Amino acid sequence: MTAQTEQRVRHRRKVTKRRAVIAGVSALGITGAAVVTTSLLSTAGAATSWPTPNGSKPVSKTIPVSGTYDGGLAKFYGTGDLGGSGQEEGQDPIFELADGAVLKNVVIGSPAADGVHCKGSCTLQNVWWLDVGEDAATFKGKSSSAVYTVHGGGAKNADDKVLQFNGAGKLVVTKFQVENFGKLVRSCGNCSTQYKRTIIINDVDVTAPGKSIVGINSNYGDTAALRKIRIHGDSGKKIKTCTRFEGNSSGKEPKEIGTGADGTSCRFSSSDITYQ
């Protein structure tokens with residue numbers, strides 16, 4: 001093979017590999033600048049790459065979503081009645097997803113109001129919160145078969161909870177990144193109606209400061225499984241992994257009753273948590 005022929009072959013291999021990667025990402029429904037972000041997420045460890053928003057869109061009234069809503073990586077932020085960014089309960093969300101809806105390629109800026117609400121099973125794909133308001137996302141489905149999927153994306157600057165699990169069913173969080181937060185996932189500790197909840201957190205980057213990765217109510221049969229969790233900037237290991245509470249339906253502050261793996265409610269081994 002001549003040097004010129006060999007160079008052409010290498011060029012074709014590179015083009016073919018690049019096309020294969022783009023085709024694979026396109027199959028997931030991720031487009032544009034999100035391709036770069038998703039590629040970095042699959043290869044990088046720490047939460048170092050946040051997307052550059054593709055323009056800004058003020059939102060004065062909650063956007064209802066049924067089917068699939070692709071935000072094109074624009075930054076959505078609250079204005080008017082949605083202009084709050086505090087911790088007050090009962091705020092309206094920027095997006096409200098119907099059962100089975102998909103929200104993807106969205107950046108939520110500040111003010112963020114109450115982020116995203118899912119009324120049933122939903123998928124949040126490549127959704128980013130730059131400054132969490134009350135909560136980033138709240139899951140409210142009432143069916144035990146409901147599945148809420150958070151794939152890719154990330155959140156930072158959350159005074160308290162990032163993902164609030166109020167409803168029934170299963171929440172799966174993968175390839176997510178969080179930094180400067182209170183709790184990444186919290187099973188509602190004092191909702192008037194309580195459920196048994198299943199939480200799976202896999203392949204996630206957690207950057208200090210933070211208080212807890214997940215909080216569950218062991219008295220209601222909640223379980224949380226942690227896999228491939230990378231914690232950054234926490235040499236003192238102050239961030240709690242899995243915290244067990246005694247939940248209630250009276251509205252009282254739930255009592256913390258334990259933390260760490262117990263093989264029943266909090267399911268993980270020491271090898272599932274790494275400090276970097």
Give the accessible area for His151 in Å² (nearest 10); use a 1.4 Å probe, count only protein heavy atoms, and leave out ligands, DNA and RNA. 60
Accessible surface, 1.4 Å probe, highest first, among residues Thr193, Thr241: Thr193, Thr241
Residue span Tyr275 to Asn157: 0.36 nm per residue of separation minus Cα-Cα distance leaves a gain in nm of 40.4 nm
Quick one: pull the percent of accessible area on region 167-210 belonging to carbon and sulfur, 1.4 Å probe, ligands and nucleic acids left out. 48
Once you've got the Cα coordinates, tell me which of Lys57/Lys238; Lys119/Lys238; Lys104/Lys237; Lys156/Lys240; Lys57/Lys142 are over 29 Å apart. Lys57/Lys238; Lys119/Lys238; Lys104/Lys237; Lys57/Lys142
With a 1.4 Å probe and all protein chains kept in place, how much accessible area does Thr52 have, in Å² rounded to the nearest 10? 110
So what is the accessible area of region 62-208 per residue, in Å², with the probe set to 1.4 Å? 32
With DNA, RNA and ligands ignored, accessible area of Glu96 (1.4 Å probe; Å², nearest 10): 70
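The values are calculated or read from the model by the stated rules, or taken from the named source; none is laboratory data. It should be emphasised that the depicted structure is a prediction, and the values quoted were computed from it without experimental measurement. When the accessible area is computed, the model is the full protein with side chains, heavy atoms only, and any ligands, DNA or RNA have been set aside. Shrake-Rupley method; radii C 1.70, N 1.55, O 1.52, S 1.80 Å.
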